[in-house]
Protein chains: 2
Amino acid sequence: MTADHSLPSWNDGAAKSAILDFVARVTKQGGADFVPPAERIATFDNGGTLLCEQPLQAQVFFLIDRVKELAAKDPRTKERQPFKALLEHDYKTLCGLGRQALFELAFTTHAGVTDEEFERIAHGWLATARHPKFGRLFKECTYRPQVELLDYLRENGFKTYIVSGGGVNFVRAFAEEAYGIPREQVIGSSVRAWFAIKDKRVVLRKAAEFNSFDDREAKPQNIGLHIGRRPILAFGNSDGDLAMLRYTKAGTGLRLALLIHHDDAEREVAYDREFRLSPLTEALDKADQYGITVVSMKRDWKAVFAAD
Amino acid sequence: MTADHSLPSWNDGAAKSAILDFVARVTKQGGADFVPPAERIATFDNGGTLLCEQPLQAQVFFLIDRVKELAAKDPRTKERQPFKALLEHDYKTLCGLGRQALFELAFTTHAGVTDEEFERIAHGWLATARHPKFGRLFKECTYRPQVELLDYLRENGFKTYIVSGGGVNFVRAFAEEAYGIPREQVIGSSVRAWFAIKDKRVVLRKAAEFNSFDDREAKPQNIGLHIGRRPILAFGNSDGDLAMLRYTKAGTGLRLALLIHHDDAEREVAYDREFRLSPLTEALDKADQYGITVVSMKRDWKAVFAAD
């Protein structure tokens, strides 16, 4: 099945074969595993699955820069935690806070901002902000094999979704450009919005209160809410994605669940259990038991970054 | 502009002209009002806008039949309110409860049911349940001019969504068949789901707790959450839709907000202010002020039901 020329940035091997074989079977009209196009839902985590999340997720760097702007207006901010750790790029303290606390901080920082203002702020940041290690724009720290895979799935009639722990509006600000995924196919963490009037116009303003932290069990719950269909393919890279992978595999008929293992210190970063913000422990230990295909970045990917 | 042959079930007049003119302008390449296809989002309320909601919403009849099944197992149910009112088709008492209380009752009745079981139950009911006045299947009590309008919008590159106060899973059970709208383009009221294991399979079970009651301000909030774009066209029929219509109109560029007035006692039912479950009062009084086009069922529709 790997004789075709699809997925050129994937090395031949078990992972690539599993993908090509799966797609061939679910798209074969009249075949035993055929799935009609409307049911060909594929869901991808974002950070670590489509985009580099080391040393921290892009959104945390966005937050650092936003807090810098606040600190310029109110110098006392610099002395208060967790702002101090953010401004000093103290990754150890930041990771110690945990992912949810970091996102809560991001949400507090943007309370009262309208959806449209947030879009402009995020867009402006994404246009210039660069990754501290790789030097390229954050939005260009996407994985080339994954961008190819998204295209390949769409060419085969799949509808591709992002189901991210990151803020839904932040991911929407670059998903179309980076992945060809429209805003309405991005599911993520969110705050409550309130309906307000600003300059005589109806707007939605961000509240400081969580609506959903889209991680672990919340991923399948939000898939049920937003899509209303079980995916037939899901791709993740951490324990936060395990519930989504299991939910996908438990559907009837052929299903494919994939998990990236970041084992490539040379081209990216080698990490799994020790990355506190988004560890890969249980999902790796139980991949076999749950029928999840582990993708080794080192072994399975010919190239890593889209822009290389 | 009304010289073309689109929307045959609409009578020529101000409402039809407003629709044809709007679509012509937003789709005219190079025109001042051109909107790229990705931004052509149209949102429709369901009950009363796409489907007859008199004497009660289809979902309330579904609930009555579900409660009958419960009462057959536990005869004491028959004596308890609000079950008694439901079983006796006591519409006055039911309307007095209010819409949110009725939906809460529906949700309680289905607590613990999995998404897939609910789909089967709703599908089974929809296949046979008939409207008490019109005699046809509930899912065939759709409005022909509206089904034509949905088709017409899609032919013109629009993405059509339902944004309903009804339960999202109930509306999804017939939206594709009745309106050509896929499950993932249905937004509605929802309960929280929980991630559970049943017969060794991962499932989502319905909790008895509300996630969102998709009415009034919640409609634009849920549009922001699910779609992440402001609609350019919205269609409703009650005060519960007013926030969505105002949110739509407040976007930049050309926008169209429409409101059905049920003024046709002969072909359907004439009602507005007095229908307690879903009154039309403020939206009608302020339609001019907010730039909302009122559609008269009697004057603007050549035919009412899709199946006529």
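Once the stretch B:135-172 is narrowed to residues that are more than 14 Å from chain A (Cβ to nearest Cβ) and in a loop (DSSP other than H, G, I, E, B), the residue that is nearest to B:ASP115 (Cα to Cα) is B:CYS141. Within the stretch B:205-231, the residues that satisfy the criterion of being more than 8 Å from chain A (Cβ to nearest Cβ) and basic (Lys, Arg) are B:ARG205, B:LYS206, B:ARG216, B:LYS219, B:ARG230. Checked against (1) over 24 Å from the mean Cα position of the chain (by Cα); (2) within 23 Å of A:ASN169 (Cα to Cα); (3) of a type outside the set (Lys, Arg), A:ASP74 meets all criteria but (2). Candidates are the residues of the stretch B:131-147 that are under 18 Å from the mean Cα position of the chain (by Cα) and open to solvent by 40 Å² or more (accessible area, probe 1.4 Å); the one that is nearest to B:GLN59 (Cα to Cα) is B:GLU140.
Kindly check whether there is at least one residue in the stretch B:106-114 that is among the polar types (S, T, N, Q) and either under 30 Å from B:SER9 (Cβ atoms) or open to solvent by less than 60 Å² (accessible area, probe 1.4 Å) (or both). Yes, the stretch B:106-114 has at least one match.
The residue that is modelled with the lowest pLDDT, counting only those in the stretch A:293-308 that are within 16 Å of A:LEU149 (Cβ to Cβ) and among the aliphatic types (A, V, I, L, M), is A:ALA306. Among the conditions (1) under 19 Å from A:ASN211 (Cα atoms); (2) under 12 Å from the mean Cα position of the chain (by Cα), the only one that B:ARG172 does not satisfy is (1). For the stretch B:208-246, filtered to residues that are free of Cβ contacts under 8 Å to residues at least 40 places away in the same chain and aliphatic (A, V, I, L, M), the residue that is most open to solvent (accessible area, probe 1.4 Å) is B:LEU225. Would you mind stating whether A:LEU126 is surrounded by fewer than 16 Cβ atoms within 10 Å (Cβ to Cβ), among the aliphatic types (A, V, I, L, M) and on the phi < 0 side of the Ramachandran plot? So A:LEU126 fails the test. Hey, among A:LEU126, A:LEU150, which residue is within 20 Å of A:LEU102 (Cβ to Cβ) and either aromatic (Phe, Trp, Tyr) or in contact with a Phe, Trp or Tyr (Cβ under 6 Å, 6 or more places away or on another chain) (or both)? The match here is A:LEU126.
Within the stretch A:232-256, the set of residues being more than 13 Å from chain B (Cβ to nearest Cβ), out of contact with any Asp or Glu (no Cβ under 6 Å at 6 or more places or on another chain) and assigned to a helix (DSSP H, G or I) is empty. Does A:PHE158 satisfy being at pLDDT below 95 and either within 30 Å of B:ALA196 (Cα to Cα) or buried (at least 23 other Cβ atoms within 10 Å of the Cβ) (or both)? When the stated conditions are applied, A:PHE158 does not pass them.
For the stretch A:180-203, the tally of residues that are more than 9 Å from chain B (Cβ to nearest Cβ) and in contact with a Ser or Thr (Cβ under 7 Å, 6 or more places away or on another chain) stands at 4.
When B:GLY112, B:GLY98, B:GLY135, B:GLY124 are screened for being farther than 29 Å from B:THR248 by Cβ and touching a Lys or Arg at 6+ places or on another chain (Cβ under 9 Å), only B:GLY112 passes.
Selection within the stretch B:103-119: residues that are among the acidic types (Asp, Glu) and touching a residue at least 60 places away in the same chain (Cβ under 8 Å). The member of this set that is farthest from A:LEU225 (Cα to Cα) is B:GLU104.
On the stretch given as the stretch B:266-308, residues that are free of Cβ contacts under 8 Å to residues at least 60 places away in the same chain, over 26 Å from B:ASP214 (Cα atoms) and either open to solvent by less than 40 Å² (accessible area, probe 1.4 Å) or in a loop (DSSP other than H, G, I, E, B) (or both) total 2. The set of residues in the stretch A:103-134 that are in a helix (DSSP H, G or I) and among the hydroxyl-bearing types (Ser, Thr, Tyr) comprises A:THR108, A:THR109, A:THR128.
For A:ILE260, state whether it is more than 11 Å from every other protein chain (Cβ to nearest Cβ), touching a Ser or Thr at 6+ places or on another chain (Cβ under 7 Å) and open to solvent by less than 10 Å² (accessible area, probe 1.4 Å). Before the answer, list the steps.
Numbers: more than 11 Å from every other protein chain (Cβ to nearest Cβ): yes; touching a Ser or Thr at 6+ places or on another chain (Cβ under 7 Å): yes; open to solvent by less than 10 Å² (accessible area, probe 1.4 Å): yes.
Here the answer is yes, as A:ILE260 does meet what is asked.
The values are calculated or read from the model by the stated rules, or taken from the named source; none is laboratory data. Remember, it's a predicted structure, so these values are computed and weren't measured experimentally. Using ideal geometry, Cβ is built from the backbone for each residue, glycine included, and neighbour counts are taken over all protein chains shown. All accessible areas refer to the heavy atoms of the entire protein, side chains included, with ligands and DNA or RNA removed. Shrake-Rupley method; radii C 1.70, N 1.55, O 1.52, S 1.80 Å.
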